[in-house]
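Take a look at the structure set out below.
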Amino acid sequence: MIESPEPFLGKRIDIASDEVTGQQATEILSNVLEHKIEYTSIPAPNEDLARMFEWYEKVGTDIDIASLHKEYPTVNWLSFKDWARSKLK
């Protein structure tokens with residue numbers, strides 16, 4: 001994409017490889033590390049961050065990840081699980 005920027009000029013593209021909740025991330029990390037990790041939600045330091053974290057946890061990013069990956073198949077998309085395996089094993 002960077003080598004041929006013309007098709008992307010003036011275009012907004014969401015970027016997301018995966019979307020997991022805090023609980024899902026904890027389960028993935030527990031499996032990869034072969035050590036049980038407990039998920040604990042902590043209070044946000046302010047109301048704006050609290051609303052943002054709540055939104056991401058309940059609604060998510062609303063990015064159509066499957067379509068994004070299909071439209072740009074040459075990008076090396078990594079799931080959170082694959083990333084964790086590559087970095088933590």
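The values are calculated or read from the model by the stated rules, or taken from the named source; none is laboratory data. Bear in mind the structure is a predicted one, so any value in this text is a computation, not a measurement. Cβ: placed from backbone, ideal geometry, glycine included. Neighbour counts: every protein chain shown.
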Handout entry: Residues (free of Cβ contacts under 8 Å to residues at least 12 places away in the same chain and of a type in the set (A, V, I, L, M)) located in region 30-51
Key = Ile37, Ile42, Ala44, Leu49, Ala50
Practice task
Taking the options Ala66, Ala84, name whichever one is among the small types (Gly, Ala, Ser) and surrounded by 11 or more Cβ atoms within 10 Å (Cβ to Cβ).
Solution key: Ala84
Fill in the blank from the handout: Of Ser30, Ser41, the only residue that is at pLDDT below 90 and over 14 Å from the mean Cα position of the chain (by Cα) is Ser41
Practice task
Please find, among Glu19, Glu3, the residue that is part of a loop (DSSP other than H, G, I, E, B) and modelled with pLDDT under 90.
Solution key: Glu3
Practice task
From Ser41, Ser17, grab the single residue that is more than 24 Å from Asn76 (Cα to Cα), in contact with a helix residue (DSSP H, G or I) (Cβ under 8 Å, 6 or more places away or on another chain) and either surrounded by 11 or more Cβ atoms within 10 Å (Cβ to Cβ) or of a type in the set (Gly, Ala, Ser) (or both).
Solution key: Ser41
Problem - Filter result (among the polar types (S, T, N, Q) and either without any contact (Cβ under 8 Å) to a residue 24 or more places away in the chain or over 27 Å from Leu88 (Cβ atoms) (or both)) within region 3-23 - result: Ser4, Gln23
Problem - Options Ala66, Ala84; residue that is of a type in the set (A, V, I, L, M), without any contact (Cβ under 8 Å) to a residue 40 or more places away in the chain and closer than 30 Å to Glu3 by Cα - result: Ala66
Practice task
For region 58-76, state whether one or more residues are touching a helix residue (DSSP H, G or I) at 6+ places or on another chain (Cβ under 7 Å) and not polar (S, T, N, Q).
Solution key: no
Exercise for the section: Take region 22-51 and flag every residue that is touching a Leu at 6+ places or on another chain (Cβ under 6 Å) and part of a loop (DSSP other than H, G, I, E, B). Expected result: Ile37
Practice task
Name, by its number, the condition in (1) in contact (Cβ under 8 Å) with a residue 12 or more places away in the chain; (2) surrounded by 12 or more Cβ atoms within 10 Å (Cβ to Cβ) that does not hold for Glu54.
Solution key: (1)
Handout entry: Among (1) in contact (Cβ under 8 Å) with a residue 24 or more places away in the chain; (2) under 21 Å from Lys89 (Cα atoms) - the single one Val75 does not satisfy
Key = (2)
